[in-house]
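The values are calculated or read from the model by the stated rules, or taken from the named source; none is laboratory data. In this text the structure is predicted, and so the values were computed from the model without any measurement. Cβ: placed from backbone, ideal geometry, glycine included. Neighbour counts: every protein chain shown. When the accessible area is computed, the model is the full protein with side chains, heavy atoms only, and any ligands, DNA or RNA have been set aside. Shrake-Rupley method; radii C 1.70, N 1.55, O 1.52, S 1.80 Å.
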Amino acid sequence: PHNNNSSEVMSLKNRPYDIVLIGATGFTGQLTADYLLKQPQPIKLALAGRNPEKLSQIRELLLADNPTAPTPDIIIADSHDMVSLRKLCAQTKVVISTVGPYALHGEDLVAACITQKCDYVDLTGEPQFVSDMQRKYGADATKQRVKIVNCCGFDSIPHDLGVFFTLEALSKKLGADVLQQSAVSVEGFVRGHGDISGGTWNSAINAMPNWQDFIRERRQQYKHTATDGRDIRLVEKPTLRKLKDGWAAPLPTIDPEIVVQSAKRYRHFGQSFRYAHFVVVPQLHRLAMTGAAVAGIFVVAQFAKGRTWLGKQRPSGAGPAPEERARHWFNVEFVAEVKTPTQETVKLSTLVSGGDPGYDETAKMLAESALCLLQDKADLPPNFGLVTPAEAMGSHLLRRLQAAGIAFEVK
């Protein structure tokens, strides 16, 4: 579809950059840039941000670690200056943003990517930001045939693609047509040891004041979601339960929303589909302590001064040393149950696992998402707009992540 400014929009083939990374001076941004520079097939990369000195320093550090990599260019752009953002987006095929909290700094970049027709990936796990962008820009992005893909880090790739992988395995076992007519329910159980980044911490704090509105909105949304006669939704109120290795508590992150959005897109997720999301904690008292701490933070985050104070406790851009990250790990177990049209019950368990979830694996997932949009573009599912990782890239991203060392396996 053509729009009036299409003549101003440089054709994708002639753009000087494959990927522009905005936020390279932050901790996760640096790890992502490093991953991109280590690619065997060199890509044309530019690092973008407000501060030219800082960007030059980061570039020196990156090149010291990657002496044979092509030198990335530097682009000066500000998250709140639309002119600079449009100029940035007009020069590239894909934009990666690691500039959070996204509710404060993310919107103009999304808008610029759409007008300049370049694809976009980010790391947000902020539910309110994602639903706002969907509401404001979903139709425009679809019309421009652009893929705006939020949540390409630990939120929500292991969960979104983990469920996608589980349904692909069931599809092989039962046949896609049987699965399309079945009732499918999946539960995800997150286990791990790691540290949240300063960026994630600040995003969470900024999301807390609107959390109740968001939950209310979400309940409304999930009361009535029949999609082409299919019944796709979250389990309303998942409950605490005892497992062999601890306790599973409902985990109120954005991940279940993303899974449900992907389920609406793909018919082989079943005629009806339910998803519930849990974190597994070894002891009940630890769960109680965590719950109390989160409740305390939630109260403090309701006030602007409280948010400022909390933000200083763990500033954006900071993160743990490599040897500390090497001890971190995660896995997500998916337990699926299918009731076929002939009333047969089929069960299947899968596992997604990897290393440090907060930084190393997040940078890998983000970089691989951008590379997938860039290098596999011609073969990707024709799903455009504000799309989930599974909607945007499906099995192409899954194969890339497996090749990059994140395990997806049927148990």
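Please count how many residues of the stretch 353-375 are surrounded by fewer than 24 Cβ atoms within 10 Å (Cβ to Cβ) and touching a strand residue (DSSP E or B) at 6+ places or on another chain (Cβ under 7 Å).
Residues in the stretch 353-375 being surrounded by fewer than 24 Cβ atoms within 10 Å (Cβ to Cβ) and touching a strand residue (DSSP E or B) at 6+ places or on another chain (Cβ under 7 Å): 3 in total.
What number of residues within the stretch 313-366 are assigned to a helix (DSSP H, G or I) and within 14 Å of PHE27 (Cα to Cα)?
8
Within the stretch 228-249, take every residue that is crowded, with 16+ Cβ neighbours inside 10 Å and β-branched (Val, Ile, Thr) and give me the one that is modelled with the lowest pLDDT.
Step by step, filter the stretch 228-249, then rank; the result is VAL235.
Which residue, of ALA24, ALA64, ALA33, is closer than 30 Å to ALA326 by Cβ and modelled with pLDDT under 95?
The match here is ALA24.
Looking at SER84, SER79, which is the one that is open to solvent by 10 Å² or more (accessible area, probe 1.4 Å), of a type outside the set (A, V, I, L, M, F, W, C) and without any contact (Cβ under 8 Å) to a residue 12 or more places away in the chain?
Just one listed residue meets the conditions, SER84.
Looking at the structure I just gave you, is ARG399 open to solvent by 20 Å² or more (accessible area, probe 1.4 Å), more than 22 Å from GLY138 (Cα to Cα), of a type outside the set (Phe, Trp, Tyr) and outside any helix (DSSP H, G or I)?
Against the criterion (open to solvent by 20 Å² or more (accessible area, probe 1.4 Å), more than 22 Å from GLY138 (Cα to Cα), of a type outside the set (Phe, Trp, Tyr) and outside any helix (DSSP H, G or I)), ARG399 does not qualify.
Can you pull out the residues in the stretch 343-359 that are in contact with a helix residue (DSSP H, G or I) (Cβ under 8 Å, 6 or more places away or on another chain) and without any contact (Cβ under 8 Å) to a residue 60 or more places away in the chain?
Scanning the stretch 343-359 gives a single hit, GLY355.
Mind telling me which of the residues THR345, THR340, THR350 ends up being within 23 Å of PHE269 (Cβ to Cβ) and open to solvent by 30 Å² or more (accessible area, probe 1.4 Å)?
Of THR345, THR340, THR350, the one residue that is within 23 Å of PHE269 (Cβ to Cβ) and open to solvent by 30 Å² or more (accessible area, probe 1.4 Å) is THR345.
Does the stretch 378-396 hold any residues that are over 17 Å from the mean Cα position of the chain (by Cα) and either of a type in the set (Ser, Thr, Tyr) or surrounded by fewer than 15 Cβ atoms within 10 Å (Cβ to Cβ) (or both), and which are they?
ALA378, ASP379, PRO382 - these are the residues of the stretch 378-396 that are over 17 Å from the mean Cα position of the chain (by Cα) and either of a type in the set (Ser, Thr, Tyr) or surrounded by fewer than 15 Cβ atoms within 10 Å (Cβ to Cβ) (or both).
Across the stretch 171-224, which residue is most open to solvent (accessible area, probe 1.4 Å) among those that are of a type in the set (Ser, Thr, Tyr) and at pLDDT 70 or above?
Restricting to residues being of a type in the set (Ser, Thr, Tyr) and at pLDDT 70 or above, the top hit is SER185.
Condition first: in contact with a Phe, Trp or Tyr (Cβ under 7 Å, 6 or more places away or on another chain) and either small (Gly, Ala, Ser) or open to solvent by less than 10 Å² (accessible area, probe 1.4 Å) (or both). Now tell me which residues in the stretch 130-146 satisfy that.
The answer is ALA141, VAL146.
So, of the residues in the stretch 147-170 that are out of contact with any Phe, Trp or Tyr (no Cβ under 9 Å at 6 or more places or on another chain) and closer than 17 Å to VAL260 by Cβ, which turns out to be surrounded by the most Cβ atoms within 10 Å (Cβ to Cβ)?
Applying the filter and picking the extreme gives ILE157.
Every residue in the stretch 41-75 that is open to solvent by 90 Å² or more (accessible area, probe 1.4 Å) and not polar (S, T, N, Q), please.
Those that are open to solvent by 90 Å² or more (accessible area, probe 1.4 Å) and not polar (S, T, N, Q): PRO42, LYS44, ARG50, GLU53, LYS54, GLU60, LEU61, ASP65, PRO67.
Mind listing just one residue for me: the one in the stretch 87-101 that is in a helix (DSSP H, G or I) and open to solvent by 10 Å² or more (accessible area, probe 1.4 Å) and, of those, nearest to ARG307 (Cα to Cα)?
That would be LYS87.
Do you know which residues across the stretch 141-183 are among the acidic types (Asp, Glu), over 30 Å from GLY100 (Cβ atoms) and touching a residue at least 12 places away in the same chain (Cβ under 8 Å)?
Hit for the stretch 141-183 is GLU168, nothing else.
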